[in-house]
1. Just name one of GLY53, GLY133, LEU116: the one whose Cα is farthest towards the positive end of the charge dipole of segment 43-147 (beta-carbon charges, Lys/Arg +1, Asp/Glu -1).
2. Could you list the residues of segment 49-92 with an amide nitrogen less than 17 Å from a label point located 7 Å from the Cα of SER103 in the Cα-to-C-beta direction?
3. Residues with beta-carbon under 12 Å from that of ASP98, excluding ASP98: net charge, scoring Lys, Arg +1 and Asp, Glu -1?
4. What percentage of the solvent-accessible surface of segment 57-148, computed with a 1.4 Å probe over protein heavy atoms, is contributed by carbon and sulfur atoms?
5. Report, in whole Å, the centroid distance computed from the Cα atoms of segment 52-107 and segment 111-146.
Amino acid sequence: MKNFTLPIAFVAVFAAPAALSHSGVKDPQVMARMQLMSLVANDMKILGGMAKGAIAFDLARVQARAASLEQHATDTLRLFEPQANDPKSEAKPVIWEDWDDFSAKAREMEETARQLGLITTEGAFGAAFRMVGQTCTACHETYRINTN
Ligand code: HEC
């Protein structure tokens, strides 16, 4: 087992059924960062539901998800820094050649999530949410194999 610190949220979901979607991943560091990204996707799913009107807008809920995303962005820096590999990983090796740029992209996610957490009206939600969403694509298109 490599020496790394798990985010609390990761520990909480580790035993949950969601972990099964990552079956076959052997490297614990790769598993940790995949789980982290799944938590990120979960936050974005709730916010996306609100953006589409499928889930009722709730400012407190937006703020909670934004705080979660901000923390996950900080965790992204920590969990991706060691270069860990696994046949199931979708991370491109160029991450560790261009670490400064990768970190800048994680910091953009952190900052846009922080901004989202500062909104006070429903009218400001859509634009702030899209800003966060753009940071996912910006990083994935360069650093993830499946950029969906
Ligand atoms: C700084 C770069 C970066 C940012 C920002 C980022 N991601 Fe990722 N993401 C990655 C990388 C790299 C992987 C592939 C990790 C691996 O397979 O080892 C990944 C993987 C994923 C996965 C697949 C996880 C799995 O189960 O294997 C999802 C889902 C995901 N990201 C969602 C998001 C969403 C939603 C956002 C925006 C809120 C986001 N990511 C922002 C770099 C990033």
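1. Farthest towards the positive end: GLY53.
2. 73-84
3. -1
4. 51
5. Using only Cα atoms, the two centres lie 11 Å from each other.
The values are calculated or read from the model by the stated rules, or taken from the named source; none is laboratory data. Only a predicted model underlies this, so the values are computations on that prediction, with no experimental measurement involved. For neighbour counting, all protein chains shown are included, and Cβ atoms are generated from backbone atoms with ideal geometry for every residue, glycine included. Keep in mind that these areas ignore ligands, DNA and RNA; they rest on the heavy atoms of the full protein, side chains included. Shrake-Rupley method; radii C 1.70, N 1.55, O 1.52, S 1.80 Å.
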